[in-house]
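Accompanying notes for the structure given below.
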Amino acid sequence: QVFADRAELGGVAVMVWTEVLASAITAYLGAYDTTTGATLIARTSFGAGNTRPRAVALATKIIVTWTDAGAGLVAKAIDPAAPAFAATGATLLDTEEGAYDIVKDPTADRAVWAVRFVGGGSYAVGAVTSALAVTDVTKARNADGVIAVSVAPSGVVQVLRTYGTTVLGDLLTSLFAGHAHRESVPLGRLDERRADAVGGGLERSERLGDW
């Protein structure tokens with residue numbers, strides 16, 4: 001099993017994972033009651049061509065995302081008051097199908113995501129609310145490997161991306177603002193980085209895990 005993830009909200013735990021077999025690669029979702037252990041959503045297949053599932057608990061819903069081959073990055077919301085799931089009818093976040101990351105935004109009832117373009121020359125960053133309202137913007141910056149995103153309590157968004165053998169970071173003062181600072185970090189030196197908030201006169205150095 002790969003691409004395993006779990007999110008919990010309102011006594012409901014949602015799990016997603018991918019099973020890699022010789023005959024097929026299939027992603028699944030299931031959910032259970034965290035108090036009684038009762039199954040709320042039996043193991044449900046995402047269907048052919050759907051991979052890399054993730055689950056993120058917001059304030060009111062659990063957002064499930066995955067890559068739909070031929071469509072792009074998509075999402076559905078699970079209501080813990082009435083848990084149910086089907087992969088059909090998903091909301092499109094972006095038409096790109098590269099590596100992606102998604103996290104809860106601590107400032108709103110939404111998740112923030114980033115997905116790299118398959119060609120490696122750009123990435124998109126955006127948000128999806130519990131009602132599946134989507135906003136996004138494309139950043140014309142190289143990214144050809146993994147990508148990660150985090151949101152500080154202040155709303156500042158940090159995007160890390162690899163290009164070749166270099167790790168690059170973009171600190172966005174707001175979700176769709178231009179990057180405040182970009183720094184190249186050789187792979188293997190990810191214990192610390194410096195981020196300068198240009199315009200605010202702010203300079204700070206923090207560990208990656210704090211963003």
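The values are calculated or read from the model by the stated rules, or taken from the named source; none is laboratory data. Treat the numbers as computed from the prediction; the structure is a model and nothing was measured. Because the Cβ atoms are built from the backbone with ideal geometry, glycine has one as well, and the counts that use them run over all protein chains shown. In case anyone asks, the SASA skips ligands and DNA or RNA and just uses the protein heavy atoms, side chains included. Shrake-Rupley method; radii C 1.70, N 1.55, O 1.52, S 1.80 Å.
Summary of computed values
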read-out: Qualifying residues in region 64-121 (those that are polar (S, T, N, Q) and in a loop (DSSP other than H, G, I, E, B)) - the one surrounded by the fewest Cβ atoms within 10 Å (Cβ to Cβ); value: Thr88
read-out: Subset tally (residues that are over 25 Å from Ala143 (Cα atoms) and touching a Leu at 6+ places or on another chain (Cβ under 8 Å)) for region 88-123; value: 1
read-out: Residue list for region 155-173, restricted to those being touching a residue at least 40 places away in the same chain (Cβ under 8 Å) and either open to solvent by less than 50 Å² (accessible area, probe 1.4 Å) or closer than 24 Å to Ala59 by Cβ (or both); value: Gly155, Val156, Val157, Gln158, Val159, Leu160, Arg161, Leu172
read-out: Any hit, region 16-32, residues being open to solvent by less than 60 Å² (accessible area, probe 1.4 Å), within 17 Å of the chain's Cα centre (by Cα) and small (Gly, Ala, Ser); value: yes
read-out: Of residues in region 33-52 being in contact (Cβ under 8 Å) with a residue 24 or more places away in the chain and assigned to a strand (DSSP E or B), the one surrounded by the fewest Cβ atoms within 10 Å (Cβ to Cβ); value: Ser45
read-out: Check on Ala55, farther than 22 Å from Gly155 by Cβ, open to solvent by 40 Å² or more (accessible area, probe 1.4 Å) and either in contact (Cβ under 8 Å) with a residue 24 or more places away in the chain or in a loop (DSSP other than H, G, I, E, B) (or both); value: no
read-out: Residue, surrounded by the most Cβ atoms within 10 Å (Cβ to Cβ), within region 3-15, restricted to residues that are under 18 Å from Ala81 (Cβ atoms) and not small (Gly, Ala, Ser); value: Val14
read-out: Single condition Ile41 does not satisfy, out of (1) more than 18 Å from Gly98 (Cβ to Cβ); (2) out of contact with any Phe, Trp or Tyr (no Cβ under 7 Å at 6 or more places or on another chain); (3) β-branched (Val, Ile, Thr); value: (2)
